Amino acid sequence: MQLIFEICGSWQGMPGSTRNKVFDGAGGVIGRGADCDWVIPDPSRQLSNHHALISFRDDQYFLTDISSNGICLGDSAVRLRKGQARPIGQGMVFRMGPFDIRTQLVAVAGAASHSDNLIPDDAFLQLDPLYAMPGQAQQSEETRWTDTSTVERQHVTVPTLVEPAPQIAPAAESPPAAKDHALFWVAFSKALGVCLDPLDEPGRQALAIKVAGLLRQAVEGLQQNLHTHEELKSELSASLGRPSDQPPLMGGADSLEAMLGGERQGLPAELAVIQAYRDLQVHQVAVLAGCRAAVRGALAAFAPGQLLVRFEQQGNTPRLPTSGAYWRAYLRHYQRLVEDEGWSERLLSEDFANAYREQVRLVSTLHSTCSG
């Protein structure tokens with residue numbers, strides 16, 4: 001049986017693209033991605049790279065939604081459930097992005113059976129004149145073997161002795177592919193932490209494709225966060241007085257392929273991901289502690305007692321201790337702080353840096369204790 005998809009209405013195609021697709025006893029993927037079996041260009045990008053999965057089993061075609069925008073049934077607002085295979089019937093219309101796609105099922109006529117062309121052995125038996133004579137009933141087995149003819153005049157084939165053929169040990173049966181397939185899905189479900197029992201085979205395949213896409217997005221997002229983290233640490237490295245170490249996951253665009261292929265040098269993929277998240281967590285906690293210390297240092301610099309000490313050191317103690325005299329002394333002190341560019345740098349290099357280093361040390365010690 002053939003399944004024909006055709007885009008309804010007006011359609012502006014691109015060179016090499018077609019408005020219809022024929023599936024002949026096999027499935028495939030529909031989308032705008034170049035690796036799809038039916039590539040449908042969509043400048044509006046409403047159609048996903050992998051939008052629908054077509055499967056064929058038990059002489060029936062099924063459609064599974066693997067898109068991000070969903071698939072509607074006809075002009076209604078009814079959406080197909082993602083990951084669940086739906087049987088495809090004659091004349092059904094599926095809305096995928098901006099396209100309405102109609103289905104058509106065509107039965108392929110099979111070749112005629114070879115046995116129908118054979119002529120039965122007794123087809124012309126009634127044309128024999130001897131068949132109509134009376135008394136020509138079929139003789140029984142006893143009558144036919146009561147003939148007194150000698151053995152030499154009978155056409156008897158004398159059997160010959162033949163040595164028995166050597167017995168061939170049966171080949172060891174290979175484990176069925178279905179068993180290996182089931183074991184794979186059990187291991188996949190355990191690693192993912194999601195029960196796959198409610199899903200059929202097309203649904204599980206759609207879920208595996210979605211998990212692969214989410215993994216790629218998660219790794220790319222983690223790498224972007226690590227790049228931002230490294231830029232901030234490089235700005236702080238001069239104040240902190242130590243070089244910035246590059247996380248093990250900062251390997252460029254091929255990091256995901258190296259992690260999955262097992263070609264990564266150094267830490268295994270699992271430990272590299274754990275260390276990347278741990279570095280981000282330690283940095284966030286340490287920055288918060290450093291900011292608090294810097295704010296406390298700034299407030300302490302403007303405390304009344306600290307100001308009196310500064311006034312005495314700078315010779316700004318008013319001769320008449322009036323409010324106006326102290327205010328003018330404070331204005332002169334504040335102007336000196338504004339003109340002193342090293343004051344803010346000292347807040348960053350002393351208060352912030354000390355608190356940052358101490359927090360990194362504490363969190364790293366906690367992680368090493370928990371790991372041990």
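Computed values, structure above
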read-out	value
Those residues of the range 49-76 whose amide nitrogen sits under 13 Å from the label point placed on CYS8, 7 Å along Cα→Cβ	72-76
Long-range HN-HN contacts of VAL29 with modeled amide H, under 5 Å	ASP37, TRP38, ILE54
Hits among lysines - C-alpha to C-alpha of LYS210 under 21 Å, sequence gap 8 or more where chains match	LYS82, LYS190
Inter-probe distance in nm under a simple model that places probes 7 Å from Cα toward Cβ, at LEU299 and GLN84	5.7 nm
Alpha-carbon spread of the range 2-106, three principal axes, descending order, Å	36, 28, 25
Simple label model, 7 Å out from Cα along Cβ direction - LEU366 to LEU267, nm	1.8 nm
Additional length obtainable on full extension of the chain from LEU192 to VAL106, 0.36 nm per residue less Cα span	27.0 nm
Rel. contact order, % - alpha carbon contacts under 8 angstrom, at least six apart, the range 2-106	26 percent
Cα centroid of the range 45-105 to Cα centroid of the range 206-224, whole Å	24 Å
Taking N as its residue count, the alpha carbon Rg of the range 285-371 over 2.2 N^0.38 Å	1.51
Fewest-first sequence of GLU257, GLU339 by Cβ atoms within 10 Å of each Cβ	GLU339, GLU257
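Values in this text are rule-based calculations from the coordinates and carry no lab data. Everything quoted here is computed from the prediction, not taken from an experiment. Cβ sites come from the backbone with ideal geometry, for glycine too, and all protein chains shown count toward neighbours.
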